[in-house]
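What follows is a single structure, written as C-alpha cells, with notes after it.
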Amino acid sequence: MSRIEQEINKHILVLDGAMGTMLQEYNFTEQDFRGERFKDYPSSLKGNNDLLSITQPQAIADVHRKYFEAGADIVETNTFSGTTIAMADYNMEDLVYELNYESAKIAKQVAEEFTKANPEKPRFVAGSIGPTNKTASLSPDVNKPEYRAITFDELRIAYKQQVEALIDGGVDVLLVETIFDTLNAKAALFAIEEVKEDRQIDMPIMVSGTITDASGRTLSGQTVEAFLTSVSHIPLLSVGFNCALGAEQLKPYLQRLSDKTEFFTSAHPNAGLPNAFGEYDQTPRQMQQFIEDYLQDELVNIIGGCCGTSPAHIKAIAEVAKNYKPRKIVLNV
C-alpha cells in the first residue's frame with residue numbers, strides 16, 4: 001500500500017487550489033513566458049502556463065509552497081495542458097516530456113521539503129492530466145455530426161507520453177481531471193495502465209469529472225451514475241468532481257457519487273460561480289461554510305479547490321477538514 005493510501009484511510013486529505021489564479025498575480029509578460037531560452041521562438045507564448053515550469057520555475061515552486069503552507073496535503077503539477085494535443089496551440093509538441101518532467105520535479109522537491117520538516121504530515125504530488133482541448137465523443141462541427149477532431153488512439157499516445165514523464169519526475173499519484181468527455185478520460189486511463197504494465201509498477205489514480213451545468217451531466221451527456229460506471233473498471237484511489245460549479249451547486253451530484261462508489265471520493269469545486277467578468281467572488285469563509293456541509297455529511301475523502309481558489313481558500317478548507325472524519329465507504333445502491 002502506498003503512503004498516500006495509508007494517509008487517506010486516516011484523515012481527509014486536502015488538495016491545493018488553482019494554479020492559474022496564482023500565476024495571474026505575477027502579471028508575466030510575453031518576455032517572461034519566453035525567458036532566455038525561447039526569446040526568439042516564432043509563436044506567441046504568453047498564456048502557456050505549463051511552459052513556466054521551464055522559464056519561471058521559482059514562481060511555480062513558490063505557488064506549491066504557498067499551498068503547502070496553507071495546509072494542503074497534495075499539490076498538483078503544473079501540467080494541465082501537458083500533452084502534444086494541447087501544446088500544438090503553441091507549436092511546442094516536442095517539449096511535452098520536458099514540461100511534464102520538470103513540473104513534477106519542482107513539485108516533488110517542494111513536497112519533500114515540507115515532509116522533511118514535518119514527517120507526521122507527509123506531502124504528496126498529483127500529476128495533473130487535463131482533458132486536452134479536443135473531444136473524442138462529439139463533433140466540433142454541427143454540420144458534420146459524424147466528424148471527430150481526435151481519435152482514441154491519438155489521445156492514448158499523447159497521454160502515455162505525459163504519464164511517463166510525470167512518473168519519471170516523481171509524482172505520487174496521477175490525477176485525470178476536469179473530464180468533460182469520458183472517452184478522453186478512458187484513453188488516459190488506458191495509457192496509464194499501459195505504462196504501469198510496461199514498467200511493472202503500481203501507481204494510485206484519481207479521476208475527477210466535471211458537471212457542466214444544472215442538468216447534472218458532463219459535456220458529453222453522461223449523468224453522475226453513467227460517468228461512474230464508465231470509469232469503474234479501473235482500480236482507482238478516488239473518483240470525484242471538480243471545476244464548472246461552486247461547492248454549493250456541486251453538492252447534490254457529489255452526494256449521488258458518494259452513495260454509489262466503492263472508491264474514495266474527491267471534490268475540488270470553484271470559488272462559486274463566475275461573475276459577469278469571469279471572475280470568482282466567493283470568499284474563503286463563504287467557501288469554507290459550503291465545504292463544511294460536505295464534511296458534516298461525510299461525502300469526501302479528498303477536498304480542495306479549482307478556479308478562483310487561492311491559498312487563503314485552501315487554508316480555510318484545511319481548518320475545517322481537520323475537525324471531521326473522512327467518508328466511510330457504505331454503498332446505497
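Readers should treat all values here as calculations from the given coordinates under stated rules, not as data from a laboratory. All figures in this text were calculated on a predicted structure; none of them were measured in a lab. Glycine gets a Cβ as well: all are built from the backbone with ideal geometry, and neighbour counts include every protein chain shown.
Sort 231, 300, 176 so that the residue with the fewest other Cβ atoms within 10 Å of its own Cβ comes first and the one with the most comes last. Write out the running numbers ahead of the final one.
Values: 231 20, 300 26, 176 29.
Lowest count first: 231, 300, 176.
In units of the compact-protein estimate 2.2 N^0.38 Å, segment 11-137 shows a Cα radius of gyration of 1.09.
Which percent, to the nearest 5, of DSSP beta bridges fully inside the chain are antiparallel?
The antiparallel fraction comes to roughly 5 percent.
Checked against a 26 Å cut-off, the cross-linked pairs 10/108; 121/260; 46/121; 116/160; 66/186 give Cα-Cα distances beyond that limit for 121/260; 46/121; 116/160; 66/186.
Under 23 Å of direct C-alpha separation, and excluding same-chain neighbours fewer than eight residues apart, residue 144 reaches these lysines: 134. Computed from the alpha carbon atoms alone, the convex hull of segment 80-189 holds 94 Å³ per residue. Over the C-alpha trace of segment 204-276, radius of gyration and Dmax come out as 11.8, 41 angstrom.
For segment 28-77, the fraction of C-alpha pairs more than 17 angstrom apart is 39%.
Give me the orientation-averaged projected area of the Cα convex hull of segment 3-321, in nm², one decimal. Could the numbers behind the result be given before it?
Details: hull surface 64.6 nm².
For segment 3-321, the mean projected area of the Cα convex hull comes to 16.1 nm².
Projected onto planes of every orientation and averaged, the convex hull of the alpha-carbon atoms in segment 178-333 covers 9.7 nm².
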